[in-house]
Amino acid sequence: MSASETPHPLRDPAAKVRENAHAPYSNFKVGAAIRAKSGTVYVGCNVENVAYPEGTCAEAGAIAAMVAAGEKELIEAYVIADCPSPVPPCGGCRQKLKEFGATDVAVTLATTDGVEFKTTIGDLLPGAFDAGHMERS
Ligand code: THU
């Protein structure tokens, strides 16, 4: 993003919630903001645990907040971390985004330095497993 461009509207909420991340084990704080179909923005940060597999990702937190509020469809997502290149969501989070967003939903991956990479849920998870694969069960 150049200085003259308007920042992505989800950047600020994602960057702010990232500061609340609980990441004492990895020291890698992640923030996520998603816009639901209603227009409401939900945020989440990673929450690690001393029992490492119990930690949760930023995207999972934002999705949980959306669902807890009674919404089931996201129309835009933004993920930010302090890393050399825009943070790629982990495999599990790609599947979680796919659960609640259409394949053409825009996902912006960002660094705290301001580098952004725009992609979509479909491009993040090609060949996704979905309910159609269970049709003969
Ligand atoms: N992390 C996320 O929050 N989202 C991702 O998609 C990538 C990884 C978190 C999990 C863990 O707390 C830390 O980053 C290092 O893996």
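At most 16 other Cβ atoms within 10 Å and a DSSP loop assignment: could you name the GluC sites (Glu not before Pro) in region 92-137 that fit?
Here the sparse-neighbourhood loop sites are GLU135.
Taking a threshold of 21 Å on the Cα-Cα distance, which of the pairs LYS37/LYS118; LYS37/LYS98; LYS72/LYS118; LYS72/LYS96 fall above it? Numbers along the way, then the final one.
Numbers: LYS37/LYS118 19 Å; LYS37/LYS98 15 Å; LYS72/LYS118 23 Å; LYS72/LYS96 12 Å.
Over 21 Å apart, Cα to Cα: LYS72/LYS118.
Hey, got a sec? Which trypsin sites (Lys or Arg not before Pro) in region 27-103 land in a DSSP loop and have at most 12 other Cβ atoms within 10 Å?
LYS72
Need the full-extension length gain, THR120 to ALA69, defined as separation in residues times 0.36 nm minus the C-alpha distance. One decimal, nm.
Extra length available between THR120 and ALA69 comes to 16.0 nm.
Among DSSP beta bridges lying fully in the chain, give the percent that are antiparallel, nearest 5. Working shown, then result.
Values: 18 of 25 bridges.
If I count the DSSP bridges inside the chain, around 70 percent turn out antiparallel.
Assuming 1.567 mPa s and 4 °C, estimate D for region 82-137 with Stokes-Einstein, Rh taken as the Kirkwood radius over Cα pairs, in µm²/s.
D = 105 µm²/s.
Work out the length of the dipole vector of the chain about its Cα centre, built from +1 on the beta-carbon of each Lys and Arg and -1 on the beta-carbon of each Asp and Glu, and round it to the nearest 20 debye.
140
Evaluate E = 1/(1 + (r/R0)^6) for HIS133 and PHE28, where r is the Cβ-Cβ distance and R0 equals 30 Å; express this FRET efficiency to the nearest 0.05.
Step by step, r from the Cβ atoms, then E = 0.35.
State, to one decimal in nm², a quarter of the convex hull surface area for the C-alpha atoms of region 24-95, i.e. the direction-averaged projected area.
Values: hull surface 20.2 nm².
Taking a quarter of the hull surface, the average projection is 5.0 nm².
Just want the ordering: CYS57, CYS93, from fewest to most Cβ atoms lying within 10 Å of their own Cβ.
Details: CYS57 21, CYS93 24.
Arranged by neighbour count, lowest to highest, CYS57, CYS93 become CYS57, CYS93.
Taking every pair of distinct Cα atoms and averaging 1/r, then inverting, what Kirkwood hydrodynamic radius in Å comes out for the chain?
Values: mean 1/r = 0.0658 Å⁻¹.
For the chain, the Kirkwood estimate is 15.2 Å.
A short reminder: the numbers here are calculations on the coordinates, not readings from a lab. Just so it is clear, the model here is predicted, and its values are computed rather than measured. Because the Cβ atoms are built from the backbone with ideal geometry, glycine has one as well, and the counts that use them run over all protein chains shown.
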